[in-house]
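Beneath this line is the structure, given in structure tokens, with notes to follow.
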Amino acid sequence: MKRVAPALGDELVTALLTASQKTEPEINAQRERVKILREKLAGEGTSDARNLLAIADTLVRKSVWILGGDGWAFDIGFGGLDHVLGSGKNVNVLVLDTEVYSNTGGQMSKATPRGAVAKFAASGKVNSKKDLAMEAVSYGYVYVAQVALGGNDSHVVKAFQEAEAHEGPSIIIAYSSCIAHGYDLVHGLEQQKLAVQSGYWPLMRYNPALRETGKNPFQLDSKAPTIRLKDYAYREARYTMLARGNPELAANLLKEAQDDVERQWRVYSARAGMPGRGETPNIAPEEKPAEKLEPVSAGGTK
């Protein structure tokens, strides 16, 4: 670039080498500069000009995305995913969360929710779903978003834009409807909306860039639950088939699953309510000191 500067002009060379390319308009502006570069070098016969024309496209920032399902991201490939997030490299990950191993006929994965029926969980999964978003948040420098197209489509677009702009690893976990859920997928977007309204699928973003401005990077973008989990879950056969076969077990698992939702909402809302570095914490004027716990004896607890 510097050797062919006389043909290009110092202003164009400086812009090509130093221009920010974090946003879509900035990337488009860089593409226009590369177009001008090609036009100016078209008549140059030097080896430097020919070599630069061959690799000119690399001057435009490339977007690298890794795509995978929940079976990979939550389960069998989690070690690799964790390595990528921990690398600090500018790589984006999109997880299409169907909550089962879809390509093997609906096998249970660590993303399968409590109470849902799947292969290897014929009596309903007894454990709660792994919270991959919060595991990624724990790094502090990874951009994290949990989205649902049917819950809020503009939120999905905003998450992708922020993930692209983030200089570092980013991961977007997207609610993905699947035939293994057991309903007509023509209603997929409606079902996603109900998942958000029930609090089962909270919409959130964790943007490390906000920390630099003194704000809390954790943003909870959906409202508090307005319907019970049952109103969402029992529209799908993966839940209702257990209710028909073993009503008592299904009721117990649904109760525990509702508790999972409420517990996760408390964690998310508390995290979103924390003050940022430059914000004033909301501290009660008077707080009682924590009770002193008595030692636990071998015969029981107090």
Revision key, fill the gap. Options [x] 70, 47, 40; [y] 62, 42, 36; [z] 85, 54, 37 are given for Cα extents along the principal axes in Å, and the computed one is [z]
Practice item. Note down the magnitude of the dipole of the range 5-59 about its Cα centre, charges +1 on Lys and Arg C-beta and -1 on Asp and Glu C-beta and zero elsewhere, to the nearest 20 debye. Key: 120
Revision key, fill the gap. Note: Asp82 to Ala19 extended length (0.36 nm per residue) minus current alpha-carbon separation gives 19.5 nm
Check your understanding: So who's got an amide H within less than 5 Å of the one on Asn216, skipping anything under 5 residues away but keeping other chains? H placed 1.01 Å off N, in plane.
Key -> Gly276
Point to revise | Cα-centred dipole magnitude for the chain, charges only on beta-carbon of K, R (+1) and D, E (-1), debye, nearest 20 | key: 220
Revision key, fill the gap. Here the range 212-222 yields Karplus 3J(HN,Hα) values (6.51, -1.76, 1.60; θ = phi - 60°; whole Hz; Gly and Pro given as x) of 5, 9, x, 9, 6, x, 8, 10, 9, 9, 10
Revision key, fill the gap. Label model pair Arg50, Lys62: point-to-point distance (7 angstrom along the Cα→beta-carbon line) in nm is 2.4
**Study point:** For the chain, share of DSSP beta bridges that run antiparallel, in % to the nearest 5
**Key:** 35
Practice item. Count the DSSP beta bridges whose two residues both fall in the range 42-142, then state the antiparallel fraction as a percent rounded to the nearest 5. Key: 35
Exercise for review: Give the order of Ile55, Ile179 when sorted by the count of other beta carbons within 10 angstrom, beginning with the fewest.
Suggested key: Ile55, Ile179
Revision key, fill the gap. Proxy exposure order for Tyr141, Tyr175 (fewest C-beta within 10 Å first) is Tyr141, Tyr175
**Study point:** Sites Thr104 and Glu279 - FRET efficiency at Förster radius 45 Å, r taken between beta-carbons, to 0.05
**Key:** 0.45
Practice item. May I ask for the distance between the Cα centers of the range 68-121 and the range 200-265, given as a whole number of Å? Key: 18
Check your understanding: In degrees between 0 and 90, to the nearest 10, how far off the longest principal axis of the chain does helix 188-197 point, with axes built from Cα atoms?
Key -> 70
Exercise for review: Could you go through the range 65-70 in sequence order and give the Karplus-derived ³J(HN,Hα) for each residue, using 6.51 cos²θ - 1.76 cosθ + 1.60 with θ = phi - 60°, rounded to whole Hz, and x for Gly and Pro?
Suggested key: 10, 10, 10, x, x, 6
**Study point:** Mean ellipticity per residue at 222 nm, deg cm²/dmol - from DSSP H runs of n ≥ 4 across the chain, formula -39500 (n - 2.57)
**Key:** -12000 deg cm²/dmol
Exercise for review: Starting at the first residue of the range 153-164, write each ³J(HN,Hα) from the Karplus equation 6.51 cos²θ - 1.76 cosθ + 1.60 with θ = phi - 60°, in whole Hz, x for Gly and Pro.
Suggested key: 5, 5, 5, 4, 4, 4, 5, 5, 5, 5, 4, 5
Revision key, fill the gap. Among Lys2/Lys35; Lys62/Lys130; Lys62/Lys89, the pairs whose Cα-Cα distance exceeds 22 Å are Lys62/Lys130
Check your understanding: For the chain, with the dipole built from +1 on Lys and Arg beta-carbon atoms and -1 on Asp and Glu ones, taken about the Cα centre, which of Ala165, Pro217, Ser102 lies farthest toward the positive end?
Key -> Ser102
Practice item. Any chance you could run the full-extension gain for His187 through Ala224? It's 0.36 nm times the residue separation minus the Cα-Cα distance, nm to one decimal. Key: 11.0 nm
**Study point:** Residue order, fewest to most beta carbons within 10 Å, for Met204, Met241
**Key:** Met241, Met204
Review point. About the Cα centre of the range 86-146, what is the dipole size in debye to 20, counting +1 per Lys and Arg Cβ and -1 per Asp and Glu Cβ, all else neutral?
Key: 160
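Every read-out reported here was derived from the displayed coordinates using simple, explicitly stated rules and does not represent laboratory data. Just so we're clear, the structure is a prediction, and the values are computed from it rather than from any experiment. Neighbour counts run over all protein chains shown; Cβ positions are idealised from the backbone, glycine included.
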